[in-house]
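*Asks:* After the structure tokens below, expect a handful of questions from me.
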Amino acid sequence: MDYQNELSGKIALVTGGTKGAGRAIAERLLQAGATVIITARNAPEKENSKLHFIPSDLSKAEGTQKVVSEVLSAYGRLDILVNNLGSSTTPAGGFTALSDEDWESTLQANLLAPVRLDRGFLPQMINRKNGVIIHIASIQGILPLYDSTLPYAAAKAGLRNYSKSLSNEVSPKGVRVLTVSPGWINTGASKAWLAEIARNANSTVEEAQQGVMDALGGIPYGRPAEPEEVAELVGFLVSPRASYLSGTEYVIDGGTVPTI
Ligand SMILES: NC(=O)c1ccc[n+]([C@@H]2O[C@H](COP(=O)([O-])OP(=O)(O)OC[C@H]3O[C@@H](n4cnc5c(N)ncnc54)[C@H](OP(=O)(O)O)[C@@H]3O)[C@@H](O)[C@H]2O)c1
């Protein structure tokens with residue numbers, strides 16, 4: 001099979017596709033021959049004229065509606081939806097540090113944005129009995145960090161569960177639905193965060209990285225994932241080579257989650 005062109009003719013949307021794992025996924029799908037649309041609130045810092053950028057705040061229902069209408073009116077259909085957008089912006093300190101607004105904004109971005117986008121794009125996928133939906137969750141969905149990311153971990157657990165339910169409903173109608181749960185990814189934001197930890201602790205970046213890995217209970221492979229490694233997994237899952245995969249979760253964490 002010609003992997004270089006295996007997505008030729010396919011229309012793909014990657015949310016949060018301007019940075020980090022989303023950007024790597026968008027570029028991976030482009031490489032495989034797909035037409036790729038990306039969304040985020042701000043324009044990408046790194047230009048790539050082959051990526052069709054739609055500015056939108058997906059934590060709002062209007063933002064989702066805008067993306068669904070623009071994609072369907074420009075291309076008439078969507079074949080591949082990668083719900084990659086996700087983030088944790090709430091304060092650390094456990095349950096007492098968190099307001100209703102913290103919970104609400106985290107659930108909007110991490111759970112309700114994918115739910116709304118799926119609802120917007122699924123009817124035309126079902127009509128054509130063709131489509132793939134990926135939900136990028138996190139190992140925190142099963143391995144929560146209560147002190148720093150309580151609402152995020154709960155939202156990702158909800159996303160995993162929803163993804164399985166949706167798969168049960170739409171797989172018989174020809175649409176594959178999958179979950180990808182990464183462990184720590186070495187994104188630009190992650191690199192900046194490590195540099196800040198190192199600066200504050202007067203240590204090296206390597207020591208800061210080791211400290212984060214220790215806090216996670218260790219990463220057997222000894223390092224975080226590169227965004228391109230997550231993108232490679234997604235590139236396979238959305239391809240015809242993965243035609244029988246639906247309703248399953250793929251953990252990519254260098255062994256972080258212990259066997260339970
Ligand atoms: N990084 C990790 O270690 C890690 C680990 C496990 C799982 N994950 C998951 O992997 C996925 C990608 O994470 P990442 O770290 O690569 O992300 P990232 O580098 O923080 O990038 C986030 C992307 O989402 C966009 N975005 C954020 N809020 C948005 C909103 N309300 N509406 C529309 N777009 C929005 C950002 O652009 P704007 O800010 O311009 O909107 C950006 O394009 C997420 O689902 C994350 O939860 C990450």
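*Asks:* Can you work out which of the residues in region 72-111 that are in contact with a Ser or Thr (Cβ under 9 Å, 6 or more places away or on another chain) and β-branched (V, I, T) is farthest from Y146 (Cα to Cα)?
*Replies:* Within region 72-111, the match that is farthest from Y146 (Cα to Cα) is V82.
*Asks:* Could you say whether any residue in region 231-250 is touching a residue at least 24 places away in the same chain (Cβ under 8 Å) and over 30 Å from N130 (Cα atoms)?
*Replies:* Within region 231-250, none of the residues are touching a residue at least 24 places away in the same chain (Cβ under 8 Å) and over 30 Å from N130 (Cα atoms).
*Asks:* Considering only residues that are over 15 Å from the mean Cα position of the chain (by Cα) and farther than 14 Å from F236 by Cβ, look in region 11-35 and name the one that is surrounded by the fewest Cβ atoms within 10 Å (Cβ to Cβ). First the steps, then the outcome.
*Replies:* Filtering region 11-35 for residues over 15 Å from the mean Cα position of the chain (by Cα) gives 11, 30-35.
The next check asks that each one be farther than 14 Å from F236 by Cβ; those that pass are 11, 30, 33, 35.
Values: I11: 20, L30: 18, G33: 16, T35: 20.
Top of the filtered list is G33.
*Asks:* So, one more: What residue, of K66, K60, is without any contact (Cβ under 8 Å) to a residue 24 or more places away in the chain and either more than 9 Å from the ligand (Cβ to nearest atom) or over 20 Å from I185 (Cα atoms) (or both)?
*Replies:* Values: K60 fails: without any contact (Cβ under 8 Å) to a residue 24 or more places away in the chain.
K66 is the lone residue from the list that is without any contact (Cβ under 8 Å) to a residue 24 or more places away in the chain and either more than 9 Å from the ligand (Cβ to nearest atom) or over 20 Å from I185 (Cα atoms) (or both).
*Asks:* Tell me, which residue of region 160-175 that is of a type in the set (K, R) and within 24 Å of I142 (Cα to Cα) is least open to solvent (accessible area, probe 1.4 Å)? Spell out the reasoning first.
*Replies:* Let us first name the residues in region 160-175 that are of a type in the set (K, R), namely 160, 164, 173.
Imposing the further condition that a residue be within 24 Å of I142 (Cα to Cα) reduces the set to 160, 164.
Working: R160: 69, K164: 97 Å².
Filtering first and then ranking leaves R160.
*Asks:* May I pose another question? Hey, any hits in region 79-96 for a residue that's assigned by TED's automatic domain parsing to the domain that holds V234, surrounded by 23 or more Cβ atoms within 10 Å (Cβ to Cβ) and more than 14 Å from the chain's Cα centre (by Cα)?
*Replies:* no
*Asks:* Would it be correct to say that T15 is among the hydroxyl-bearing types (S, T, Y), within 13 Å of the ligand (Cβ to nearest atom) and modelled with pLDDT of 95 or more? Full working, then the answer.
*Replies:* On the way: among the hydroxyl-bearing types (S, T, Y): yes; within 13 Å of the ligand (Cβ to nearest atom): yes; modelled with pLDDT of 95 or more: yes.
Against the criterion (among the hydroxyl-bearing types (S, T, Y), within 13 Å of the ligand (Cβ to nearest atom) and modelled with pLDDT of 95 or more), T15 qualifies.
*Asks:* Before we move on, is G141 open to solvent by less than 40 Å² (accessible area, probe 1.4 Å), over 14 Å from the mean Cα position of the chain (by Cα), within 16 Å of the ligand (Cβ to nearest atom) and in contact (Cβ under 8 Å) with a residue 24 or more places away in the chain?
*Replies:* On the way: open to solvent by less than 40 Å² (accessible area, probe 1.4 Å): yes; over 14 Å from the mean Cα position of the chain (by Cα): no; within 16 Å of the ligand (Cβ to nearest atom): yes; in contact (Cβ under 8 Å) with a residue 24 or more places away in the chain: yes.
For G141, the condition - open to solvent by less than 40 Å² (accessible area, probe 1.4 Å), over 14 Å from the mean Cα position of the chain (by Cα), within 16 Å of the ligand (Cβ to nearest atom) and in contact (Cβ under 8 Å) with a residue 24 or more places away in the chain - is not met.
*Asks:* Also, I was wondering about something else. Before we move on, is E62 modelled with pLDDT of 95 or more, open to solvent by 10 Å² or more (accessible area, probe 1.4 Å), among the acidic types (D, E) and more than 20 Å from L178 (Cα to Cα)? Write out each step before concluding.
*Replies:* On the way: modelled with pLDDT of 95 or more: yes; open to solvent by 10 Å² or more (accessible area, probe 1.4 Å): yes; among the acidic types (D, E): yes; more than 20 Å from L178 (Cα to Cα): yes.
The answer is yes for E62.
The values are calculated or read from the model by the stated rules, or taken from the named source; none is laboratory data. Because the structure is a prediction, the values reported are computed rather than measured. With ideal geometry, Cβ positions are generated from the backbone for all residues, glycine too; neighbour counts draw on all protein chains shown. In case anyone asks, the SASA skips ligands and DNA or RNA and just uses the protein heavy atoms, side chains included. Shrake-Rupley method; radii C 1.70, N 1.55, O 1.52, S 1.80 Å.
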